[in-house]
Each structure stands twice: as structure tokens, then as C-alpha cells.
1. Of all residues in region 74-100, which are of a type in the set (D, E) and either in contact with a Leu (Cβ under 7 Å, 6 or more places away or on another chain) or closer than 13 Å to C9 by Cα (or both)?
2. Take the residues of region 36-67 that are in a helix (DSSP H, G or I) and of a type in the set (F, W, Y): which is modelled with the highest pLDDT?
3. Within region 70-103, can you find the residues that are more than 15 Å from S17 (Cα to Cα), open to solvent by 60 Å² or more (accessible area, probe 1.4 Å) and among the acidic types (D, E)?
4. If V25 meets every condition in (1) open to solvent by less than 70 Å² (accessible area, probe 1.4 Å); (2) modelled with pLDDT under 95 apart from one, which number is that one?
5. Scanning for something under 30 Å from M1 (Cβ atoms), assigned to a loop (DSSP other than H, G, I, E, B), modelled with pLDDT under 95 and open to solvent by 80 Å² or more (accessible area, probe 1.4 Å), does region 128-151 turn up at least one residue?
6. Looking at the structure I just gave you, is A33 farther than 25 Å from G62 by Cα and either open to solvent by less than 10 Å² (accessible area, probe 1.4 Å) or modelled with pLDDT of 95 or more (or both)?
7. Inside region 101-126, can you point out the residues that are at pLDDT below 95 and either farther than 14 Å from I11 by Cα or part of a helix (DSSP H, G or I) (or both)?
8. Could you list, in sequence order, all residues of region 1-29 that are of a type in the set (A, V, I, L, M, F, W, C) and not in a strand (DSSP E or B)?
Amino acid sequence: MPVLKKILCAIDLSEQSESVAEYAVMLARLADASIVAVYAAPTLTQYTGFHVPPNTIDNFVGEIVSGAEKSMSEFVAQHFAGVDARGVVVVGYAAEEILAVAEKEQVDLIVMGTRGRKGIDLILFGSVAEKVVKNAACPVVTIRPTDGEEE
């Protein structure tokens, strides 16, 4: 029988993150599991070819990470109260970073949202959730945005 001890909750700190967190908390309470909340900040390395000094990009990413760590701390305190949870901010492509943290932490389940992209947006930008579902070593629960949360 599968055992659920650790849940990775991938969030992007948008409005939808609240409903994703609610599902992760519900599952953690039912299974007496802990939660690792993960936010992946972008690297911006794709802009180094535009004659922007790398140290400027690194400084900007550093500021993004500092802000994300503060926001993550506040989010975890507000939305994961009553469960064993901690937040992690990583830098890189979201799907790859989520999968890397899931492997490192040896999680039993990933809970994440979908952005609700359709048509050409999905073709151009792809789906982080789809890449995680296809490549995760553990089960993945995806939460679709409600009408008020879609982009």
C-alpha cells in the first residue's frame, strides 16, 4: 500500500497558489504528511545575448530570489498553518527544478496547478504541469484554475 509521508506543493505565488495549497494541506492532514512548498524563480540567462552585462542580470535575479523568499515565507505561514511545512525557492526552469526538488526530497506526491493555457499559448509556452506529470517518479495531482483564477 502506498505511503504518503512528504508532499511537494509547487506554487507560483499567484492567486491559484492558494487553492493548490488548500489541496496539499488537505492531503497532508489526511496522511499526516509534511509539505515542501517550491517556487522556481526564472534565471533570465536567455537575455545574456542582448548586450546586458551578466552581473546586471545576476543582480536582478538575486533581487527576484530575495523577494520570492520573503513572499514564500509569508505564504507558508499563512496557507500551511497547522501542518509541517517549509518553503524552498529555487532558480531555473520550473519543470526541471520541481522534478529536481522532488527527487532530492524523495517526495511521495506532487501537487501543482495548471495555468489553464489553451490553443496557441499552450503550443508556444508548453505546460510545466505536463512536463512534470510525464517525468515525475511519483504521482502528480494537478489543480485546474477556477474561472476567476485563469489567465
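1. Residues of region 74-100 of a type in the set (D, E): 74, 84, 96-97.
Those that are of a type in the set (D, E) and either in contact with a Leu (Cβ under 7 Å, 6 or more places away or on another chain) or closer than 13 Å to C9 by Cα (or both): D84, E97.
2. Step by step, filter region 36-67, then rank; the result is F60.
3. Residues satisfying the conditions are D84, E96, E103.
4. (2)
5. yes
6. yes
7. Passing the criteria: G116, R117, K118, G119, I120, D121, L122, I123, L124, F125, G126.
8. Start the filter on region 1-29 by keeping residues that are of a type in the set (A, V, I, L, M, F, W, C), which leaves 1, 3-4, 7-11, 13, 20-21, 24-28.
Correct list: M1, V3, L4, I11, L13, V20, A21, A24, V25, M26, L27, A28.
The values are calculated or read from the model by the stated rules, or taken from the named source; none is laboratory data. Keep in mind it's a predicted model, so treat the numbers as computed, not measured. Note: ideal-geometry Cβ built from the backbone for every residue, glycine included; neighbour counts use all protein chains shown. Remember, those area values only see protein heavy atoms, side chains included, never the ligands or the DNA or RNA. Shrake-Rupley method; radii C 1.70, N 1.55, O 1.52, S 1.80 Å.
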